[in-house]
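Encoded as structure tokens, the structure appears first; notes follow it.
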Amino acid sequence: MRKNDDQFIIQLRKGIFELVILLLLRDGRKYGYEITQILKENAFFQISTASVYPVLNRLLEKKWVDSIWEEKENRMRRYYRLTELGISIMDKNFIQFKELYNFLIYFKEKETVTDDE
């Protein structure tokens with residue numbers, strides 16, 4: 001992969017990171033390391049564990065998620081879950097993402113018209 005390709009993927013990943021985490025949390029609460037492990041199952045999101053926490057903190061500040069501390073296996077873990085606002089934002093952002101995706105597909109599949117025709 002070329003350097004420019006790498007930059008494109010990095011920027012794309014940054015742009016959808018919040019949405020991806022919100023989508024992961026729609027199935028129920030998760031702790032940070034668990035989110036990281038799920039993301040690493042997909043080659044597109046090979047990220048460090050430390051990358052997830054600033055995003056989770058942003059989501060907390062925006063009140064799109066809340067958190068609760070629980071002890072599990074003699075360890076305190078912070079579990080994150082969607083708020084009602086987070087669900088609303090997730091749905092809205094997902095619709096916008098689909099519209100953008102459909103826009104790109106439309107132009108990719110659109111027949112190119114040349115001046116010769």
Search result, residues across region 50-66 that are surrounded by 14 or more Cβ atoms within 10 Å (Cβ to Cβ) and either of a type outside the set (S, T, N, Q) or modelled with pLDDT of 95 or more (or both): Val52, Tyr53, Val55, Leu56, Arg58, Leu59, Leu60, Trp64, Val65, Asp66
Cβ-Cβ under 7 Å, sequence separation 6+ or interchain: first residue in region 20-38 and under 16 Å from Ile89 (Cα atoms), partner exposed (fewer than 15 other Cβ atoms within 10 Å of the Cβ) and modelled with pLDDT of 95 or more. Which pairs? Leu25/Arg81
Go through (1) more than 13 Å from the chain's Cα centre (by Cα); (2) within 29 Å of Asp6 (Cβ to Cβ) one by one and return the number of the condition Arg81 breaks. (2)
For region 29-48, name all the residues that are more than 12 Å from the chain's Cα centre (by Cα) and farther than 21 Å from Gln11 by Cβ. Arg29, Lys30, Tyr31, Gly32, Tyr33, Glu34, Gln37, Glu41
Using the structure shown, decide if Ile68 is in contact (Cβ under 8 Å) with a residue 12 or more places away in the chain, assigned to a helix (DSSP H, G or I) and not aromatic (Phe, Trp, Tyr). no
May I ask you to verify whether Tyr80 is in a strand (DSSP E or B), within 21 Å of Ile16 (Cβ to Cβ) and hydroxyl-bearing (Ser, Thr, Tyr)? yes
So which residues in region 69-86 are surrounded by 11 or more Cβ atoms within 10 Å (Cβ to Cβ) and within 17 Å of Gly28 (Cβ to Cβ)? Glu70, Arg77, Arg78, Tyr79, Tyr80, Arg81, Leu82, Thr83, Gly86
I'd like to verify a number: residues in region 92-108 that are surrounded by 14 or more Cβ atoms within 10 Å (Cβ to Cβ) and without any contact (Cβ under 8 Å) to a residue 40 or more places away in the chain, how many? 0
Taking the options Ile47, Ile21, Ile89, name whichever one is assigned to a loop (DSSP other than H, G, I, E, B) and surrounded by 13 or more Cβ atoms within 10 Å (Cβ to Cβ). Ile47
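The values are calculated or read from the model by the stated rules, or taken from the named source; none is laboratory data. Remember, predicted model here, so these are calculated numbers, not experimental data. All Cβ positions, glycine included, derive from the backbone under ideal geometry; neighbour counts span all protein chains shown.
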